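Structure record follows, encoded as structure tokens.
Taken together, the values in this text are just the output of simple stated rules run on the coordinates, not laboratory data. Keep in mind that this is a model prediction, so the values were computed, not measured. Heads up, the Cβs are rebuilt from the backbone with ideal geometry, glycines too, and the neighbour counts pull from every protein chain shown.
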Amino acid sequence: MTTLAERPALTATDRCDRCGAQAYVRVELTGGAELLFCAHHARAHEDKLRDVAVTIHDESGKLASTPATAHNDEI
């Protein structure tokens, strides 16, 4: 039986391979290579990525849960 290691969550240091913005999507390709994309570029290339991806790990939902402004105790 083969167990697949779970990939770690994407962090602020992971950057989009297209533009350098924070990556929210990891695309694993055949052979183990991976590409990282910001939410914008992942959406822009979604159809093509689905054709070549082994897995797509999408954490772009984190964007909706991030407050647009700081709380008063964070200022």
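Quick rundown of the values:
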item	result
Along each principal axis, Cα extent of the range 14-62, largest first, Å	25, 19, 19
Rounded to the nearest 20 debye, dipole of the range 14-62 from Cβ charges on Lys, Arg, Asp, Glu	140
Two-site label geometry, Lys48 and Thr30: point separation in nm, points 7 Å out along Cα→Cβ	1.8
For Asp17, residues with placed amide H under 5 Å, excluding near neighbours	Leu36, Phe37, Cys38
Full-extension gain in nm, Lys62 to Arg7, via 0.36 nm per residue minus C-alpha separation	18.1 nm
